[in-house]
């Protein structure tokens, strides 16, 4: 069954492409991709087809010139969910940071929006058992992928 072009599918495929750059998808990357698939409305049945598209085994489902990128409502929440998933991992890989940074860029997340997400994560740290570890990893992420 052919993939139906949607903005969510576009964002997922673009992020998946970054995960497949080294031809290996780690468990950490898979976790972020799973969260993104849910948040972006990509059906579990479509993820195998998405892998085939990224691997060059199936056709890219978007026409030349289709514009699915840019910032839209709900993007900040999707990005925040993916960021928290990455921060809660035991090991943070450069591949995860690259995926998040790429997602941030293709949705056009603005610096002030990122600052609000950071503030929210810091506020949650006070009531969350993983909060302090999450903050330490957030600081590392901000060093590696600064605005």
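Observations, loosely collected:
- Normalised by the number of residues in the chain, the average gap of Cα pairs under 8 Å and 6 or more apart makes the relative contact order 29 percent.
- Computed on the stretch 75-144, with alpha-carbon pairs under 8 angstrom and 6+ residues apart, the relative contact order is 40 percent.
- With Cα atoms, 0 to 90° folded angle of helix 7-19 axis to the chain main axis: 80
- Angle in degrees between helix 27-40 and the longest Cα principal axis of the chain, rounded to the nearest 10: 70
- Helix axis angle, 94-106 relative to the chain longest principal axis, alpha carbon, degrees: 70
- On a per residue basis, the convex hull of the C-alpha atoms belonging to the stretch 7-54 measures out at 62 Å³.
- Shown for 51, 134: other C-beta atoms within 10 Å of each C-beta, ranked fewest to most, produce the order 51, 134.
- For the chain, the fraction of alpha-carbon pairs lying more than 18 Å apart is 56 percent, rounded to a whole number.
- Euclidean distance between Cα centres, the stretch 35-53 to the stretch 72-147, Å: 21
- Burial ordering of 99, 124, fewest other beta-carbon atoms within 10 Å first: 124, 99
- Paramagnetic reach from residue 132 (point 7 Å along Cα→Cβ, amide N under 19 Å) across the stretch 77-118: 87-91
- With both labels modelled 7 Å from their Cα along Cα-to-Cβ, the residue 119 to residue 24 distance reads 4.0 nm.
A short reminder: the numbers here are calculations on the coordinates, not readings from a lab. The structure presented is a predicted model; accordingly, all values stated were derived computationally and were not measured. Virtual Cβ from ideal backbone geometry, glycine too; neighbours counted across all protein chains shown.
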